[in-house]
Structure formats: structure tokens, C-alpha cells
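The values are calculated or read from the model by the stated rules, or taken from the named source; none is laboratory data. Keep in mind it's a predicted model, so treat the numbers as computed, not measured.
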Amino acid sequence: MTRYPICGTALADETQRYVWVGRGLAIAGTLFVSLALAGAAHGQVPTAADIAACNADAPRAIKTGGASPTSGDQARADSERDGAPAKNVTATATTGVESSDPQIHGMHRTGANNAAYQAAYRSCMRRKGF
């Protein structure tokens, strides 16, 4: 063991330095893998079966009072009724609502102007993991 010339304390030997480097690399590797997996989880797209199930579930949720619209739902419904689609949302006659938001993607065109329908649809998609 060598002594530090100024204050006289003992320096750690070389093996301790390698232990700390190994621990740092292990932590960095774990962080990298967890961030990579988290990014992959957000890339999921709802399937046709998910969309059909949520479109069937939304009217039932409205009837039972299980839908709680947000201000975003209300804004999208208002703009849809005015004829101007909301930002990042397009509605087509055949495929329904196409959006970068997976929680409203695929929603029936008829439900796009109803805030309660949007809330019920989003809730169903959230339960399915989107």
C-alpha cells in the first residue's frame, strides 16, 4: 500500500479501482436496458380487435355513467362538431379517427363529436394498455 505524500492517508489498491469501474458499468448497462425497454413499450399500436372492442364498450359505458370527459375530450368534440378536426386528429368516413394518440385512434366517426364517448373509448384503451 502506498501513502499519499501530502496528507499521509493510504490509497486504495488497484483492485478496488476495478471494482468501482465494474459497478459503474453495471449501473450504466442496467439504465440503458431499462430506457430501451421503456421506449419500446410506448410504440405499441392498438389492433383491430382492440379498436372494435372499445368501440362496442364505449356506448355501454356512457349508458351506465362510467365516462368522465376531460377538457381535451370536450375540445376535440367541439372542434369536430364545428367541422374542424383537432390537432393531430383526422377523421375518415371508413376508418374512423386516425390519431397519433393511441387512446383515441380507431374511434368511430360518430363518437368523435361526443366528449363522453371519447372518454369511454380512452378509458377502454387505457385498460388494454395503450
Identify, from the list 69, 85, the residue that is in a loop (DSSP other than H, G, I, E, B) and at pLDDT below 85.
85
Count of the range 95-130 residues which are outside any helix (DSSP H, G or I), charged (D, E, K, R) and over 15 Å from the mean Cα position of the chain (by Cα)
1
